[in-house]
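See below for the structure under consideration.
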Amino acid sequence: MITKIQPFEGINSIAVIGNYLPRQCGIATFTKDLVEGLSARAPDISTWAVAMNDKVQGYAYPDKVRFEIHQNKYADYAIAAQFLNISHPDIVCLQHEFGIFGGPAGSHLLKLLSDLHMPLVTTLHTVLIDPSDEYRTVMIKLGELSDKLVVMSHKAKSFLHDIYGITEEKIAFIHHGIPDMPFIDSSFHKDKFRVEGKKVLLTFGLLSPNKGIETVLQALPAVIEKFPDVVYIILGATHPHVLKTEGEAYRIMLQQIVHKLNISDHVIFQNNFVALRDLCEFLGIADIYITPYLKEAQITSGTLAYAMGTGKAIISTPYWYATEMLADSRGKIVPFNNPNVLAEQINELLVDDTQRHAMRKKAYTFTREAIWKEVSQKYLEVFSEVRQNRILCPRPRHSYVGNIKAITRFDLPEIKLNHLKSMTDDTGMLQHADHTIPNRLHGYCTDDNARALLVAALGQKYLPTNGLGLDALCGHYLGFLLYAYNEKTGRFRNFMTYARQWSKEAWSEDPHGCALWCLGKAVAFLENSGHLEMSTVLFKKAIIAAESFRSPLAVAFCLVGLDAYLERFSGDRDARRIRDVLATRLFTQFKENKTDDWPWAEDSLNYANAKLPHALLVSGHKMENREMVKMGLDSLKWLLSIQTTDNHFAPIGCKGWYRKEGKRARFDQQPIEAKAMVEACAAAYNISHDRQWFESAVLCFNWFLGHNDLNMPLYDPKTGGCMDGLMVDGINQNQGAESTLAWLLSLMTLQKLYADELLHQSSPGLLA
């Protein structure tokens, strides 16, 4: 009979976020048990779940699951926050394990948590003792966003305080929950499993190579010698992620050990993910439970808690959780990977019934506080405390990705490559489109395919790539550039007809520079070794011609490409020499041409203007030339000021451009101008750490989404493409290559900027 508790004031609904059965993992079991435990302990409170999915199709969840999040889909986290805010649970309880959330160190989760209106209680299933910078930063931010952190061991509590600087007042200890099972003799159910009269050893849990089961198998012959009636049951399916990447290699290895040691009659493999009722019966027949993990870094273990809760005599290796839970003779600790000592301890417990039963009773008594009825009560008490504290001491809502000026606060759209792919055939990316349909009449051009290569290369680095085909797209675009490069002249041809014939137009520095910019960036990000080698070789060949360039824009393109190339191959002396020559040339052009009211390298502003200060910034930063960096910042600030109207970005139009002492053209405004500004402002922010540049990057990006002269969006959320320009009378509805690539590169730049902000906001020095 369930004892009904007094209502918890102000708590009518609780949402629990985590994996959920039938997904096969320990956190899924824990989340389900917590939801059901809370529902049983407080039936008047609506308790439900938000489930994390590791596959697109999800799982056949029960009704308790009201919402699903695909772990690698960033947009899902914002939508989940919106769903939770609309649903109004009084408390959100998060089950945290780094690996079940997307992004670096699971940082996608921070978007969801930062947007929540209600109090957050986070249960930590892992606390790292020696985290990398990314993991440390995410854990610290998780602590900041949570009203309370729940740990399941006292060692975890000390780790949070000593390693992450989280105050003890913010941490609560609650045992890992276990079912309430009777204390019965192990012989009671043995006949059901056909092991009556046997001494039964048991290990259970999802199989993976860190479990150390081979140590038990190696110890078994010495046990069998004294106890010929012993049997060892290995209960549990292979972990789904291990099964996906390694198959049954670990189980097969264990079976080979069994065969080699000739102990097949004494080992039973139960390859099942067992339900709770079956698990309780298996635990009931065990005389000794063994948990032989190979490393100490295990801060909690549900399988150990379950075994103690059934009153088992337990032998374990000294991982953190076991050392704490089995203290005071509640179990035996043996060294890691030591079959001889393990065999001695098994034999000792099987001989000494008095010691074994005393150990059982201590473990069972100790875990009465860990049964779900008690654990659920503890959680409800924490929830009540947290809610009352929030009422008494409200804190301002904040967002790590949205704490910028109101006019620029928004959620980033999802990156969609549909239109990019529709514009690409086996030759490369076509230049133009009629609405969304590729217009083959105008064929292809080199600078579009260069930008497309950059999109595909960046996508492989920063997007979940399953099913996107980015590697193949890289091959298409790189193949186009290889064919565009004329070995005889050392220069790129630019225009190709749909019949694959090169046009006989005069060669221009700007497309060549654009190709070098994108190739250099691709070299920095490509991971396919073949693509990397081809891009590097092509870049090295094509950069030779650039040394004589005089066009400021072409020089700027080359410099941004060289900066990225040198990120990967910093020791390339020839590339550094050319970088220094070109940077000095561009810097000199600025110094010789600028005036107080026109701080620019030439007498007109036209195409991709922001690339010039962008080049000065990155080159001056790497060359440690402060004057060059200052010139870049000053000219970019001026460029932004003359393109900002009524708190929105208004790029110089291509119908007349803007000549010194002339009148600037307001229309047609082109996406390429917004893209260049977004990239330059992002670079300025990363170099100067001045928050104003972050806001300026977002301001310029907003132009795509409708914060512009006509209050009309150019981004098409259905196709993932972008309209060709902002006209005086509306939007150019065609979605050509340049516009779509400008949109995708801008979105990727801002996503990376937001990701850096998530990971480094509290550690600004890391941005360098």
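Read the figures in this text as sums done on the coordinates, not as results from a lab. On a predicted model such as this, the values are computed, not experimentally measured, just so you know. All Cβ positions, glycine included, derive from the backbone under ideal geometry; neighbour counts span all protein chains shown.
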Per residue, what volume in Å³ does the convex hull of the Cα atoms of region 140-216 enclose? 183
Between region 457-526 and region 587-648, what is the C-alpha centre distance in whole Å? 27
How big is the equivalent ellipsoid of region 351-394 along its three axes, where each semi-axis is √(5λ) from the Cα gyration tensor, reported in whole Å from largest to smallest? 40, 8, 4
Can you give the three extents of the C-alpha atoms in the chain along their principal axes, from longest to shortest, in whole Å? 98, 63, 48
Against the 2.2 N^0.38 Å scaling, with N counting residues, where does region 486-604 land? I'd like the Cα-based Rg ratio to two decimal places. 1.16
Starting from the Cα of LYS170, draw a straight line to each of the lysines and keep only those under 26 Å, dropping any in the same chain fewer than 8 residues away. LYS32, LYS111, LYS141, LYS148, LYS155, LYS157, LYS373, LYS378
Relative contact order as a percentage, region 190-367, C-alpha pairs under 8 Å and 6+ apart, gives 25
Cα convex hull volume per residue for region 406-760, in Å³, equals 137
How far is the Cα center of region 75-139 from the Cα center of region 670-709, in Å? 28
Label zone at ASP162, where the point sits 7 Å out along the Cα-to-Cβ direction: region 289-314 residues whose backbone N lies under 15 Å: 297-299
Just want to confirm a number: the relative contact order over region 406-760, from Cα pairs under 8 angstrom separated by 6+ residues, in percent. 17
Surrounding net charge for LYS361, when Lys and Arg each add one and Asp and Glu each subtract one, Cβ distance under 13 Å: +3
FRET efficiency for LYS361 and LYS718 from the Cβ-Cβ distance with R0 = 60 Å, rounded to 0.05, comes out at 0.35
Sort ASP448, ASP353 so that the residue with the fewest other Cβ atoms within 10 Å of its own Cβ comes first and the one with the most comes last. ASP353, ASP448
Here the FRET efficiency for THR427 versus ILE544, based on Cβ atoms and R0 = 30 Å and rounded to 0.05, is 0.70
With a bin width of 5 angstrom, please list the P(r) values of region 610-658 as percents of all Cα-Cα pairs, from the 0 bin to the one holding the largest distance. 5, 22, 22, 20, 14, 11, 6, 1
Between THR354 and GLU248, how high is the FRET efficiency from 1/(1 + (r/R0)^6) when r is the Cβ-Cβ distance and R₀ = 51 Å? Nearest 0.05. 0.80
Quick check: residue separation of ASP597 and HIS689 times 0.36 nm, minus the Cα distance between them. What number comes out in nm? 30.5 nm
Name all residues of region 160-191 having a backbone nitrogen under 20 Å from the label point set 7 Å from the Cα of SER208 along its Cα→Cβ direction, giving them as ranges. 176-177
Can you tell me what the convex hull of the Cα atoms of region 637-699 projects to on average, as an area in nm²? 4.3
Along each of its three principal axes, how wide is the spread of alpha-carbon positions in region 223-294, in whole angstrom units, largest first? 40, 33, 22
Rough spin-label spacing in nm, given labels placed 7 Å along Cα→Cβ, for ARG573 and LEU482: 3.1
The Cα radius of gyration of region 190-367, divided by 2.2 N^0.38 Å with N its residue count, comes to 0.95
Please give the per residue volume of the convex hull enclosing the alpha carbon atoms of region 590-744, rounded to a whole number of Å³. 111
At 222 nm, what helix-only mean residue ellipticity would the chain give, in deg cm²/dmol to the nearest 500, using -39500 (n - 2.57) for each DSSP H run of four or more? -15500 deg cm²/dmol
Given the convex hull over the Cα atoms of region 420-549, what projected area results after averaging over all orientations, in nm²? 8.1
Value of relative contact order over the chain, rounded to a whole percent, pairs C-alpha under 8 Å and six or more apart: 9
In the chain, if the dipole is taken from +1 on Lys/Arg beta carbons and -1 on Asp/Glu beta carbons about the Cα centre, which of ASN19, PHE590, GLY247 is farthest to the positive end? PHE590
Over every pair of different alpha-carbon atoms in region 423-464, take the mean of 1/r and invert it; report that Kirkwood radius in Å. 11.1
P(r) over all Cα-Cα pairs of region 697-742, 10 Å bins from 0 to the longest distance, whole percent per bin, short to long, reads 30, 60, 11
